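The values are calculated or read from the model by the stated rules, or taken from the named source; none is laboratory data. Computed from a predicted model, the values in this text were never measured in an experiment. As a convention, Cβ positions derive from the backbone with ideal geometry for all residues, glycine included, and neighbour counts pool all protein chains shown.
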Amino acid sequence: MVKVLFVCLGNICRSPMAEAIFRDLVKKEGLESKIEVDSAGTGDWHIGNPPHIGTRNILDQYNISYEGLKARQVKAQDIEEFDYIIGMDSENIGNVRRLANPNQSSHIYRLMDFVKDAKLVDVPDPYFTGNFEEVYEMVTEGCKQLLEEIKKEYNFS
Ligand code: 4NP
């Protein structure tokens with residue numbers, strides 16, 4: 001099983017959106033038995049909360065399920081357990097790296113680094129910008145490229 005963890009700050013806007021979109025892509029490719037998906041936040045303010053209404057609205061619009069998603073905080077053990085830790089922005093990456101042993105951070109990536117010639121390397125935080133559509137488009141592209149990368153790496157066809 002390949003385990004993928006998406007990480008943002010609050011785990012209510014960007015990373016649960018990425019979790020839902022990536023799970024949907026994995027399901028459409030019939031890879032649910034091979035790829036496990038989760039998300040977490042570096043902050044603790046929203047533990048136990050469902051995704052933000054903006055994230056729910058955009059996922060509803062594109063018919064993508066977010067059933068059962070509840071915010072949780074990332075922990076050091078996650079870095080040992082997951083094969084891919086995918087941060088939404090550079091700050092998330094810095095915060096996750098601080099949790100990891102120095103020799104243990106080679107599987108921590110920034111989502112948009114999977115997208116060639118991406119206009120922005122950090123997914124803007126819609127909690128502050130209010131632009132959930134922009135996040136949806138960026139996260140969808142990032143997730144598609146990430147899935148291609150994993151398929152190549154693990155020889156999933
Ligand atoms: P997210 O957005 O990191 O994409 O989930 C945020 C949600 C909540 C807060 C910050 C960012 N907050 O400060 O409560």
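Among the conditions (1) at pLDDT below 95; (2) part of a loop (DSSP other than H, G, I, E, B), the only one that residue 71 does not satisfy is (1).
Screening residue 34 with (1) among the basic types (Lys, Arg); (2) surrounded by 21 or more Cβ atoms within 10 Å (Cβ to Cβ); (3) over 20 Å from residue 126 (Cβ atoms) gives one miss only, at (2).
Before we move on, is residue 91 within 13 Å of the ligand (Cβ to nearest atom), in contact (Cβ under 8 Å) with a residue 60 or more places away in the chain and either over 20 Å from residue 40 (Cβ atoms) or outside any loop (DSSP other than H, G, I, E, B) (or both)? Yes; evaluated as a whole, the condition is true for this residue.
Please go through (1) within 12 Å of the chain's Cα centre (by Cα); (2) more than 10 Å from the ligand (Cβ to nearest atom) for residue 61 and return the number of the only condition it doesn't satisfy. Residue 61 satisfies every listed condition except (1). Quick check on my filter: what residues within segment 125-143 are farther than 24 Å from residue 2 by Cα, under 14 Å from the mean Cα position of the chain (by Cα) and surrounded by 16 or more Cβ atoms within 10 Å (Cβ to Cβ)? Result: 125, 135. Looking across segment 45-58, the residues that are more than 10 Å from the ligand (Cβ to nearest atom), surrounded by fewer than 16 Cβ atoms within 10 Å (Cβ to Cβ) and not in a helix (DSSP H, G or I) come down to 47, 48.
Listed here are the residues, each with its yes/no results for (1) of a type in the set (Asp, Glu); (2) under 15 Å from the mean Cα position of the chain (by Cα); (3) farther than 22 Å from residue 12 by Cα.
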residue: 86; (1), (2), (3): no, yes, no
residue: 98; (1), (2), (3): no, no, no
residue: 119; (1), (2), (3): no, no, yes
residue: 123; (1), (2), (3): no, yes, no
